[in-house]
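The next block holds one structure in the form of structure tokens; read it before the comments.
The values are calculated or read from the model by the stated rules, or taken from the named source; none is laboratory data. Quantities reported herein were computed from a predicted structural model and do not represent experimental measurements. No Cβ is skipped: glycine too gets one built from the backbone with ideal geometry, and neighbour counts run over all protein chains shown.
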Amino acid sequence: MWLAIGMEFSFVRSRLEEVFWAWEKDYMNQNGQGIKLDTNRLVLRELRKEDEASIVKNANNLNVTQYMTILPYPYTLMDAEWFVNKTLEQSAKNIDERTDFGFAITFRDSDILMGVIGLSKVDRFEGTGIVGYWLGEMFWKKGIMSEAARTVIDFAFNKINLRRINISAVPENTTSNALIRSLGFSYEGTRRKKHRSKSTGKIHDLNEYGLLAEEWAKSRNENKMH
Ligand SMILES: CC(C)(COP(=O)(O)OP(=O)(O)OC[C@H]1O[C@@H](n2cnc3c(N)ncnc32)[C@H](O)[C@@H]1OP(=O)(O)O)[C@@H](O)C(=O)NCCC(=O)NCCS
């Protein structure tokens, strides 16, 4: 009986969440408001021009860029300007037309950018998108990216209604591979010599991972039950 009541309660809650989100989406579209996602310790908000200096400060570090596809090294203000402008073009669009969402990762009590997490290449017909992320080195190993990634995954499945999220990481990036697995992604294979790091020029294999909406919903419900 408790199970039935619990299921009924989750159904009502998810309906309420849907209604609230529909209203919020409408509000954002009409008002050109940026999206803001709250977690326990963090606020993920859309990027701004003022973030460019913090992006350079955190990304201009080979330990951050070496396993990433798109970050060059050295990482200059021009690189940050290009990235923020590209993201601003997206955030000016109606949410239903956006293919990319780039979020500044900040602490709740400080608006300073620590890193970036993005949901990109959103394909609404396919129902898929890619999650990518990086964090300034001084913020590593505090569980920040786990917290940020869980929230962006929720956003992708429950607000953008994707059915699958893709993530990839080079095998040498042990932290990111561990993080991806801990989020519930399944390892689906390794593409040989798939990736060339923009910052080092080195060629790497690439581990591919996928997470399905139903797997995420199941793991969230299991966590709520315990
Ligand atoms: C990969 C990256 C985003 C991880 O961010 P992070 O916030 O440090 O990750 P988390 O803290 O959430 O968890 C990662 C690891 O820290 C550990 N950890 C979490 N909280 C911790 C704490 N309080 N104390 C010690 N370790 C902790 C986790 O267990 C995990 O450890 P593991 O590598 O032994 O499994 C970060 O290292 C980074 O930006 N790297 C450079 C860019 C990059 O590689 N991006 C990904 C490309 S695919």
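Taking only the range 164-202 into account, find how many residues are among the aliphatic types (A, V, I, L, M) and loosely packed, with under 13 Cβ neighbours inside 10 Å. Total meeting the criteria: 1.
Summed over the range 49-74, residues that are assigned to a loop (DSSP other than H, G, I, E, B), within 12 Å of the ligand (Cβ to nearest atom), over 17 Å from the mean Cα position of the chain (by Cα) and closer than 14 Å to V116 by Cβ total 1.
Determine whether W82 is aromatic (F, W, Y) and within 15 Å of the ligand (Cβ to nearest atom). For W82, the condition - aromatic (F, W, Y) and within 15 Å of the ligand (Cβ to nearest atom) - is not met.
Of the listed requirements (1) crowded, with 21+ Cβ neighbours inside 10 Å; (2) part of a helix (DSSP H, G or I), K86 misses just one: (1). Considering the range 111-137 alone, what residues qualify as being modelled with pLDDT of 95 or more and over 18 Å from Y67 (Cβ atoms)? Those that are modelled with pLDDT of 95 or more and over 18 Å from Y67 (Cβ atoms): L113, M114, L119, K121, V122, D123, R124, F125, E126, G127, T128, G129. Candidates in the range 96-118 are the residues that are farther than 24 Å from N60 by Cβ and either of a type in the set (D, E, K, R) or within 15 Å of the ligand (Cβ to nearest atom) (or both); of these, the one that is nearest to the chain's Cα centre (by Cα) is R98. Does V152 satisfy being over 10 Å from the mean Cα position of the chain (by Cα), modelled with pLDDT of 95 or more and in the same structural domain as N207 (by TED's automatic domain parsing)? No. If N161 satisfies all but one of (1) within 15 Å of the chain's Cα centre (by Cα); (2) surrounded by 15 or more Cβ atoms within 10 Å (Cβ to Cβ), what's the number of the condition it fails? Result: N161 fails condition (2) only.
Of everything listed in (1) farther than 20 Å from I130 by Cα; (2) surrounded by fewer than 20 Cβ atoms within 10 Å (Cβ to Cβ); (3) touching a residue at least 60 places away in the same chain (Cβ under 8 Å); (4) not basic (K, R), the single unmet condition for I55 is (2). So is K93 of a type in the set (K, R) and either more than 8 Å from the ligand (Cβ to nearest atom) or not assigned by TED's automatic domain parsing to the domain that holds V43 (or both) or not? So K93 passes the test.
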